[in-house]
Amino acid sequence: MLKKYWYLFAISMLPIVELRGGVPVGVGMGFPFWQVYLVCVLGNLLPVPFLLLFGRRLLVWLADWPYVGNFFRRVIEKADKAARGFGRYEFFGLWAFVAIPFPGTGAWTGSVAATFLRMPLSRALLAISLGVLTAGIVMGVASYGLLEAIGILL
């Protein structure tokens, strides 16, 4: 049983997949919402402090690599473009960016955007954490169904 939780935790740590993929997998495993939510949120948040501290340096370094450099240059360009759109509402914008479960959004991309915005670590970590918590609820409602999520299912 513990192995399944580690699997779910690891899925939620992966870039691109993140919590948005972990929650439906947890539903498929038959776990109750609170367990799926807790494991996926923790898994999704674990890489965030490291990404905030080292993300930009890593991306710039990888952008110079042969074969994969073009991909990472595009990631940097996308993050720069997203960062310009936040303006003075950067905290709310970052929270919403992470919270809304669309492809290309999430804690990983939000961490990169926060580094490009040069947000203070504590402010970025709070916005991303709130976004992940919100995304977990959104995905839980979507995955379990609205009626079951609020306990009205007959």
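The values are calculated or read from the model by the stated rules, or taken from the named source; none is laboratory data. Keep in mind that this is a model prediction, so the values were computed, not measured. We place every Cβ from the backbone using ideal geometry, glycine too, and count neighbours over all the protein chains shown. The area values use the complete protein model at the heavy-atom level, side chains included, leaving out ligands, DNA and RNA. Shrake-Rupley method; radii C 1.70, N 1.55, O 1.52, S 1.80 Å.
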### Query
Given a 1.4 Å probe and the protein chains all in place, what does the accessible area of Phe50 round to, in Å² to the nearest 10?
120
### Summary
For Arg56, Arg118, the accessible-area ranking with a 1.4 Å probe, largest leading, is Arg118, Arg56
### Message
Need one value: the accessible area of Leu126 in square angstrom, 1.4 angstrom probe, rounded to the nearest 10.
### Response
90
### Task
List the relative contact order of the chain as a percent without decimals, with contacts defined as Cα pairs under 8 Å and 6+ residues apart.
28
#### Entry: For region 4-52, accessible area per residue (1.4 Å probe, heavy atoms of protein chains only), Å²
48
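Percent of accessible area on the chain owned by carbon and sulfur, 1.4 Å probe? List each step's numbers first, then the result.
Working: 6620 of 9070 Å².
The C+S portion of the solvent-accessible surface of the chain is 73 percent.
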### Task
Convert 10 °C to kelvin, take the viscosity as 1.306 mPa s, use the Kirkwood radius over C-alpha pairs of region 21-81 as Rh, and evaluate the Stokes-Einstein diffusion coefficient in µm²/s, rounded to a whole number.
115
## Note on the structure
Rounded to the nearest 0.05, FRET efficiency between Phe54 and Val138 (Cβ-Cβ, R0 25 Å) equals 0.30
### Message
If you fit an axis through the alpha-carbon atoms of helix 90-99 and take the longest principal axis of the Cα set of the chain, what angle between them do you get, 0 to 90°, nearest 10?
### Response
50
### Message
With the cut-off at 1.5 for a/c, could you classify region 77-129 from its C-alpha gyration tensor as rounded, prolate or oblate?
### Response
rounded
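For Val75 and Lys3 in one chain, what is 0.36 nm times their gap in residues minus the Cα-Cα distance, to one decimal in nm?
Numbers: separation 72, 0.36 × 72 = 25.92 nm, distance 3.31 nm.
Contour length minus the Cα-Cα distance gives 22.6 nm.
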